[in-house]
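**Student:** So that we are looking at the same thing, I have put the structure below in structure tokens.
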Amino acid sequence: MLEQTNLDATEAVQEFPHGRMAVGTVGEYSAWKLIAEPGWRFSQDNGPDLDVASCPGDHVLFIVSGRMGTRMDTGEELESRPGDVVRVSPGHDAWTIGDDSLVAVGVDPA
């Protein structure tokens, strides 16, 4: 089986303060591309709309450009840079570090 989606051509784009996310589906997975401007923080820009304090998603993502900070609800923290592949379990906050936009591409179980 072969399936694909194009995250630059998808019509499913979610806009939020300090960024946007394009989402597509590939079989049993949700694929997404996050563009987060400086100042973006999940708990402030996305959490209120979802009525959550931390992200409930289970992500595997690739950092294309920019830097991302992640903090688990347990207190564990990680800084990710371009080229890093990151697994993030549910119960986390994430934010853009520095003055450059964060671009990340991820795949989640649907």
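Here, each number is a calculation from the coordinates, and none is a lab measurement. Because the structure is a prediction, the values reported are computed rather than measured. As a convention, Cβ positions derive from the backbone with ideal geometry for all residues, glycine included, and neighbour counts pool all protein chains shown.
**Student:** What percent do you get for the relative contact order of the chain when only Cα pairs under 8 Å and 6+ apart count?
**Tutor:** This gives 30 percent for the chain.
**Student:** Which one, [x] 42, 26, 7; [y] 22, 17, 11; [z] 21, 15, 15, gives semi-axes √(5λ) of the Cα gyration tensor in Å as derived from the coordinates shown?
**Tutor:** Of the listed options [x] 42, 26, 7; [y] 22, 17, 11; [z] 21, 15, 15, [z] comes from this structure.
**Student:** Moving on to the next point. What fraction, in whole percent, of alpha-carbon pairs in segment 29-80 exceed 16 Å separation?
**Tutor:** 50 percent
**Student:** Using a simple charge model, +1 on the beta-carbon of Lys and Arg, -1 on the beta-carbon of Asp and Glu, nothing else, what dipole does the chain show about its Cα centre, in debye to the nearest 20?
**Tutor:** Dipole of the chain, to the nearest 20 debye: 200 debye.
**Student:** I've got another one for you. Excluding T5 itself, calculate the net charge of residues whose Cβ lies under 12 Å from the Cβ of T5, where each Lys or Arg counts +1 and each Asp or Glu counts -1.
**Tutor:** Local net charge: -2.
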